[in-house]
Structures are given as C-alpha cells and as structure tokens.
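To start, the structure itself, in structure tokens.
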Amino acid sequence: MSKESFGAEKIKKISPTLGGYLTEVALITRFAGRFFKEILVPPYDFKEVLKQCYSVGCKSLGLVGITGFIMGVVLTIQARPTLAEFGAESWLPAMVSISIIREIGPVITALICAGKAGSGIGAELSSMKVTEQIDAMEVSGLNPFKYIVVTRIIATTLMVPFLVIYSDAIALFGSFLAVNLTGPINFRLFYYHVFATLDFSDLLPAIIKTFFFGFTIGLVGCFKGYKSIVPEGIWERD
C-alpha cells in the first residue's frame with residue numbers, strides 16, 4: 001500500500017465524511033493540474049473548441065436571457081418602494097446597475113450555466129465512460145483527455161464571461177421596462193444614470209471573476225463525468 005492510500009484510509013477511519021471530502025479535493029486538484037499540463041502541449045483541436053463554445057454559449061442564450069430579464073424586473077420592482085420612502089427614486093437605475101453588474105449578474109448567470117452546461121458536460125462524459133468510448137480512444141492511440149476535457153474547459157472559461165455580459169444587458173433592459181410601469185422615463189436618460197455611476201473598478205473585477213466561474217464549471221463537470229464509475233453488472237442481461 002502506498003503512502004497516499006495509507007493516509008487516505010487513515011483519514012476515512014477518523015471521519016468518513018472528512019476523508020471523502022479531502023479525497024475529492026485531492027483528486028480534482030490533480031485533475032486540474034493535468035489540464036494545465038495538457039493545455040501547454042500541442043497539437044490543439046480548434047474545431048472542437050469552437051464546437052464546444054457553440055454548445056455552451058449559443059445554446060444557453062435563451063435561458064440566460066430569460067433569467068437576466070426576470071432578474072432586472074424583479075430587482076427593480078422590489079427596490080422601488082424602499083427608495084420611494086426616502087424620496088430617492090432617481091437613484092433606482094444606479095442601484096440596479098451596480099447590483100447587477102457587480103454581483104447578482106455574474107453569480108446568477110454562473111449558476112444557470114452550471115445547471116445547464118456543467119450538468120450537460122458531466123452527463124455526456126459519463127455516457128462516454130459507460131459506453132467505453134473513452135477507453136476506445138485510448139486504445140486507438142488518441143489522447144481522450146486533451147480532446148474531451150481540455151476543449152470543454154476552455155469553452156466554458158471563454159463563454160461564461162460573454163453570457164454574463166449578455167445577461168447584464170438584458171437585465172438592465174428589463175429594469176428599464178419595470179421603471180416604466182409606474183411612470184414613463186426616457187430611454188436615454190435611464191441609461192445615462194446607469195452608466196454615470198459605474199466605474200472601471202466595478203466592471204473589471206466582475207468580468208475577471210467570470211473566467212474563474214467558467215473554469216470551475218467546466219472543471220467540475222468534466223471531472224465528474226470523466227471519473228465516473230461504471231456500475232457493476234450494467235452490461236448483464238436478464
């Protein structure tokens with residue numbers, strides 16, 4: 001028995017839950033290290049990356065757009081009465097824009113992408129694992145990790161920031177429509193107040209963290225699918 005296996009068994013005896021958690025963290029860290037190693041070594045399959053970008057990005061536009069629109073409308077409707085009590089309704093566009101662009105937009109969009117794209121990647125790779133497609137690629141001399149995992153993680157890392165920007169724009173438009181429910185406001189005036197309060201320090205951190213969100217979504221989805229275990233007796237017939 002190796003030192004790593006002995007250490008893992010010892011931790012599991014002390015606390016099965018803690019042991020399973022630490023083992024999972026160690027495995028996914030090793031999985032991420034292999035990704036960074038593979039991404040630096042050519043050749044690169046750009047066609048597969050573009051295909052996965054389309055699958056992750058374009059196919060998520062509808063769900064992300066609906067979520068962003070509802071987010072902007074609900075936030076505006078809920079915040080208006082509170083601001084009206086203090087006579088600060090004119091600050092509504094600024095409050096909504098800062099809230100959405102800084103925190104709410106990136107977090108909610110990342111959760112939607114995790115539920116749609118992340119679970120889809122995990123299910124797809126699990127199916128490939130169960131049907132032994134990954135094993136067949138290894139036998140034929142290909143590198144399934146580079147073709148399957150690297151391309152999908154790159155796609156989620158690149159597409160989630162674009163989806164967040166798209167969701168923020170739809171959310172601000174939904175906020176504009178919600179503001180007009182109680183009184184007409186000029187489109188140009190609304191967006192003037194929106195962008196007048198935003199600073200570069202608001203945009204840059206919000207965009208940077210979306211790359212980490214996308215990387216995490218792709219990494220966890222690929223890890224769960226690529227390392228899935230085939231149940232015993234799955235090929236047995238009655």
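The values are calculated or read from the model by the stated rules, or taken from the named source; none is laboratory data. Computed from a predicted structure; not experimentally measured. Counting neighbours? That spans all protein chains shown, and the Cβs are built from the backbone with ideal geometry, glycine included.
Per the listing ILE170, ILE207, the residue uniquely within 22 Å of LEU92 (Cβ to Cβ) and assigned to a helix (DSSP H, G or I) is ILE170. Restricting the stretch 139-155 to residues that are without any contact (Cβ under 8 Å) to a residue 60 or more places away in the chain and assigned to a loop (DSSP other than H, G, I, E, B), the residue that is surrounded by the most Cβ atoms within 10 Å (Cβ to Cβ) is LEU142. Scan the stretch 156-165 and tell me whether some residue there is farther than 25 Å from VAL41 by Cβ, in the same structural domain as ILE104 (by TED's automatic domain parsing) and without any contact (Cβ under 8 Å) to a residue 24 or more places away in the chain. The answer is no; no qualifying residue exists. When the stretch 148-183 is filtered for residues that are touching an Asp or Glu at 6+ places or on another chain (Cβ under 6 Å) and of a type outside the set (A, V, I, L, M), only THR151 remains.
Among the residues here, ILE134 does not qualify as under 29 Å from ASP168 (Cα atoms) and in the same structural domain as ARG188 (by TED's automatic domain parsing). Which of the residues that make up the stretch 48-68 are at pLDDT below 90 and among the charged types (D, E, K, R)? Selection gives GLU48, LYS59.
The set of residues in the stretch 131-162 that are among the basic types (Lys, Arg) and closer than 18 Å to THR210 by Cα contains only ARG152. Among the helices (runs of 4 or more DSSP H) confined to the stretch 38-111, the ones with at least 3 residues that are touching an Asp or Glu at 6+ places or on another chain (Cβ under 9 Å) are located at 61-85. Scanning the stretch 46-59 for residues that are touching a helix residue (DSSP H, G or I) at 6+ places or on another chain (Cβ under 7 Å) and exposed (fewer than 15 other Cβ atoms within 10 Å of the Cβ) yields a count of 0. Exactly one residue among PHE190, PHE195 is among the aromatic types (Phe, Trp, Tyr) and either in contact with a Leu (Cβ under 7 Å, 6 or more places away or on another chain) or surrounded by fewer than 18 Cβ atoms within 10 Å (Cβ to Cβ) (or both), and that residue is PHE195. Close contacts from the stretch 66-84, counting a first residue that is assigned by TED's automatic domain parsing to the domain that holds ILE165 and a second that is assigned to a helix (DSSP H, G or I) and at pLDDT below 85, with Cβ to Cβ under 8 Å and a gap of 6+ residues or different chains, come to THR76/LEU92; ALA79/LEU92; ARG80/GLU89; ARG80/LEU92; LEU83/GLU89; LEU83/TRP91; LEU83/LEU92. Selection within the stretch 87-120: residues that are more than 21 Å from ALA169 (Cβ to Cβ) and among the hydroxyl-bearing types (Ser, Thr, Tyr). The member of this set that is modelled with the highest pLDDT is SER119. Looking across LYS116, LYS47, one residue alone is of a type in the set (D, E, K, R) and in contact (Cβ under 8 Å) with a residue 24 or more places away in the chain. It is LYS116.
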